[in-house]
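The values are calculated or read from the model by the stated rules, or taken from the named source; none is laboratory data. From a predicted model like this one, the values you see are computed outputs, not experimental measurements. Methodologically, a virtual Cβ is constructed for each residue, glycine included, from the backbone with ideal geometry; neighbour enumeration extends over all protein chains shown.
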Amino acid sequence: MKQKPEESIRIYAAGLFLKQLDVISSEIPGVRKQRDIEAVHRMRVSTRRMRAVLDVFQDCLPAKRGVIWEKEIHGLTSALGAARDTDVQIDSISHILKNIPDPQFGPGIRRLLLRLKQKRNKIQDRLLKRLTAYEHSGVAEEMRAAFEGAAARSSDIYLYTPALYQRSFDTIHSAFETFSSYEESIQDPANVADLHAMRIAGKNLRYTMECFSSIYANELKNTLAIMRTAQELLGSIHDCDVWIQFLPGFVEEEHQKTLAYFGRDRYSNHFIPGVNYLLSLKQGNREEQYKEFIEKWYLWKTEKVWENLFQVLQVPFFNKKENIPLSQNNPVQSGGNT
C-alpha cells in the first residue's frame, strides 16, 4: 500500500489539477469550431501540463481511476498534437507560397497545400470524436470532485513545506538529467532520433518546472524562458526533419494517385520544381536552426544556467528552520502556473 503524500503536497497538487481542467474546458468550444488554430495549441499545451502534473503528483491520484485519467488525457494530447502539427505545416507552406521566387514552384507547393488541408479535415473529424469521448467519459467531473475539497483548504494549510521543495528538487533534477543526457549525441547533426528525444525531454523538463514555478516567485523565470527557446529550436529542427523525410516521396505519391484515378499522368512532373525548392529550403532552415541551438547550448553552459537553477532549488533546504518560501513577498495561490 503506497504512502500518502504530506497534506501540503496534496493541496498544492489539487490547485494545479483544477487549473488545467479549467483551461482544457475553456478551449473545447474553440477547438470544435476550428476558426482559431491557437485554440488547438493552447489546449494541447494544457493537456501536456496536466500530464506533467499527473506524473509529478502521481501519488496524489486514486490508484485505479488515476490510470484511467492519465489514459484519457494522453488521448486528448495525441489527437490535438496531430491537429496542431498539421496546422503549423499549413501555415508554413501558405507563407512560403506567398513568397516564392519563381512561378514554376507554384504547382508543387499548391498541390502540397491542398493535401495538407485535406489531411487536416480528416484529423478534425477524429479530434471531434475524441473531444466527445472525453466529455462523455466523466473524467473532468471525477477529477474536480477528487480535488476541489483539498484545494478549498489551501488558505488553511501552510503549503511551503520542506516536503514540497524536496519534491520540486527531485523531479526537476530527474527531468534535467534525462534532458542533458543527450548532450554528447546531439553534437552530430545527423543524430535525428536523439535530437527529437531531447526535444521531448526538454518539454518534460519545462512543464515539470512550471509545476513548481509559483513557490519560487520569479526565480525560475529566466530558466523557463531558456527552456522555451530550447524547445522552439529543437521543435523547428524536428519539423524540418519531418519535411526532409517526407518531401522526396511526395511527387511519386501524387503520380501514383493520378494513375489510379485517371489511368494516366501528364501533370505530376510540374510538381517537381516546387517540391525540390521546398526541400532545399527546409534543409537550409535545418542547418541554421541546428547551428543556433548548439551555439545557445554552449552559451547557456558558459553562463552556468543549469548550476544557477539548482542553486535556486536548493536554497529552501538551507533555511529549514524558518521555512520561508522564496515567494513570501509576493504570495500566490496554490497551483500557480506560467
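A few notes on this one:
- ARG35 satisfies every condition listed in (1) touching a helix residue (DSSP H, G or I) at 6+ places or on another chain (Cβ under 8 Å); (2) without any contact (Cβ under 8 Å) to a residue 60 or more places away in the chain except (1).
- Candidates are the residues of the stretch 8-52 that are among the small types (Gly, Ala, Ser) and touching a Ser or Thr at 6+ places or on another chain (Cβ under 7 Å); the one that is surrounded by the fewest Cβ atoms within 10 Å (Cβ to Cβ) is SER8.
- Yes/no for ARG144 being touching a Gly at 6+ places or on another chain (Cβ under 7 Å) and either within 30 Å of ILE237 (Cα to Cα) or modelled with pLDDT of 95 or more (or both): no
- ASP170 exposed (fewer than 14 other Cβ atoms within 10 Å of the Cβ), under 17 Å from VAL312 (Cβ atoms) and either without any contact (Cβ under 8 Å) to a residue 40 or more places away in the chain or among the acidic types (Asp, Glu) (or both): yes
- Considering the conditions (1) out of contact with any Pro (no Cβ under 9 Å at 6 or more places or on another chain); (2) within 30 Å of LEU164 (Cα to Cα); (3) in contact (Cβ under 8 Å) with a residue 12 or more places away in the chain, TYR216 is excluded by exactly one of them, (1).
- Check on GLY284, modelled with pLDDT of 95 or more, assigned to a helix (DSSP H, G or I) and exposed (fewer than 12 other Cβ atoms within 10 Å of the Cβ): yes
- Meets criteria (out of contact with any Phe, Trp or Tyr (no Cβ under 8 Å at 6 or more places or on another chain), acidic (Asp, Glu) and in a helix (DSSP H, G or I)) for ASP241: yes
- Residue within the stretch 48-67 that is at pLDDT below 95 and of a type in the set (Val, Ile, Thr) present: yes
- Assessment of the stretch 24-41 against the conditions (under 13 Å from MET143 (Cα atoms) and assigned to a helix (DSSP H, G or I)) yields at least one matching residue.
- Top-ranked residue in the stretch 243-252 [being in contact with a helix residue (DSSP H, G or I) (Cβ under 9 Å, 6 or more places away or on another chain) and exposed (fewer than 15 other Cβ atoms within 10 Å of the Cβ); ranked as farthest from SER280 (Cα to Cα)]: GLU252
- Residues in the stretch 178-190 that are under 19 Å from ASN204 (Cβ atoms) and outside any helix (DSSP H, G or I): SER181, TYR182, GLU183.
- Test for ALA79: is it of a type in the set (A, V, I, L, M, F, W, C), within 24 Å of the chain's Cα centre (by Cα) and in a helix (DSSP H, G or I): yes
- Flag for TYR165 being outside the structural domain of LEU16 (by TED's automatic domain parsing), buried (at least 18 other Cβ atoms within 10 Å of the Cβ) and in a loop (DSSP other than H, G, I, E, B): no
- Residue check, LEU234 out of contact with any Ser or Thr (no Cβ under 9 Å at 6 or more places or on another chain), part of a helix (DSSP H, G or I), loosely packed, with under 12 Cβ neighbours inside 10 Å and without any contact (Cβ under 8 Å) to a residue 60 or more places away in the chain: no
- Residue within the stretch 212-223 that is within 12 Å of the chain's Cα centre (by Cα) and charged (D, E, K, R) present: no
- Test: TYR134 is at pLDDT below 95 and either within 20 Å of ARG48 (Cα to Cα) or not assigned by TED's automatic domain parsing to the domain that holds GLU27 (or both): no
- Residue that is at pLDDT 95 or above and within 17 Å of the chain's Cα centre (by Cα), where the choices are PHE179, PHE246: PHE179
- Remark: pairs (first residue in the stretch 264-275, more than 16 Å from ASP102 (Cα to Cα) and without any contact (Cβ under 8 Å) to a residue 60 or more places away in the chain; second residue surrounded by 18 or more Cβ atoms within 10 Å (Cβ to Cβ) and aliphatic (A, V, I, L, M); Cβ separation under 6 Å; 6+ apart in sequence or on different chains) = SER268/VAL251.
- Filtered residue count, the stretch 26-57, keeping only those that are over 18 Å from the mean Cα position of the chain (by Cα) and of a type in the set (S, T, N, Q): 2
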